[in-house]
Amino acid sequence: MVEFNQMKFKSFLLIFWVIINFAFFSNAYTQEIEVSAKVDSNNYLIGDWIRLKIEVKYKEGMKIIYPSVLDSIAGLELVERTPAMVDKKGNDITEKVIFTFTAFDSGMFVIPQLNFEYFTENDTTKHITSTSPIPIFVHKIGVDLTKDIKDIKPPLSVPISIYEILKYVLAILIIGVIVFASYYFYKHRKTKNILEVFKAPKRPPHEVALEALQALESENLWQRGEVKQYHSKITDIIRAYIEDRFQTKALESTTEEILNDLTSLNNLDKEIINKLKEILTRADLVKFAKAQPFADENERSLLLAYEFVRATIPVEQLEGSKQ
């Protein structure tokens, strides 16, 4: 109680001194510039944030220099300084800055008189305007030493919300989908591998080609006037056979490209290549020049196709078929 009364008395003296100081030094603001400094309260606890609000009003063209004392006030520690907030209305400018302090010891502290230096426009003369000192009282947190130390309270139980329940349900569903998908793809791949083991062997290309030519022959296309379709089917069968038999891109190549590819193979007889050339050339004339071959020419294209396929059957497959 005695300590509190002493602090109260000191506060009274300080406030009285501030009033006297303000009365004699009334140049805290002028017509050209006005500065003010204030805090939210004069009483704080140890560790509280003390916000000092500085407001400067001045005319456009003036230069303002803030006091450096704000960085080192006895008993107070500067925590942060906000960037200046500037509000301009015509030639009048208002600048606001907040300095945040804290104190780690109890007692009375004073934010001293703040001297702002300024220069008016087109004038190098230094002028000074000041704020009034501000008393700050920092108090200790009251602790009753006569009472026993209380036990630590147990953790509070928080009820489970619907959101948390849905979150867990969703997580379980996602895990279930992943497990099911993994199992499904594993089984599907395993089944696919088993089927591939028992998959029928690939048929030799000459068997496929000869069978297709026989099917085409039975359709009687050119006899029914469908000459273009007849020759197109012959070349499609031969091109597919060449691509599979000689591993060339015959289906995507021109007649000239196919003939050049086969000519480069040393094991093909020139007479065989000439037969192929006749088949492909006649088909090109029918498809692109709208030529109308004679009946014997239509029959000859199919006959040459048979001969070309039979003449190019691999030797090992011929020997196997004879056995």
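Laboratory data are not the source of any read-out in this text; all were calculated from the coordinates shown. Small disclaimer: the values here were computed from a predicted structure and weren't measured. Note that we place each Cβ from the backbone using ideal geometry, even for glycine, and neighbour counts take in every protein chain shown.
Worth a mention:
- Dividing the mean sequence gap of close Cα pairs (under 8 Å, 6+ apart) by how many residues the range 178-313 holds gives a relative contact order of 28 percent.
- Fully extended contour minus Cα-Cα distance, from THR255 to SER218, at 0.36 nm per residue: 10.7 nm
- Gyration tensor (alpha-carbon) shape descriptor, the range 206-249, a/c threshold 1.5: oblate
- Relative contact order %, the range 236-289, counting alpha carbon pairs below 8 Å whose residues are six or more apart: 22 percent
- Global form of the range 253-308, assessed from the alpha-carbon gyration tensor, a/c cut-off 1.5: oblate
- For the range 219-234, the Karplus equation 6.51 cos²θ - 1.76 cosθ + 1.60, evaluated at θ = phi - 60°, returns couplings of 7, 6, 5, 5, 5, 9, x, 8, 5, 4, 5, 4, 6, 5, 5, 4 Hz by residue, with Gly and Pro reported as x.
- Projected label distance in nm at VAL179 and LYS287, using a 7 Å step from Cα toward the beta-carbon: 5.8 nm
- Under 15 Å from the GLU307 label point (7 Å along Cα→beta-carbon), backbone N, the range 222-243: none
- Modelled FRET efficiency - R0 30 Å, GLU34 with ALA74, Cβ distances, 0.05 increments: 0.65
- Among ILE50, ILE65, ILE160, sorting on how many other beta-carbon atoms sit within 10 Å of each Cβ, with the fewest leading, yields ILE160, ILE65, ILE50.
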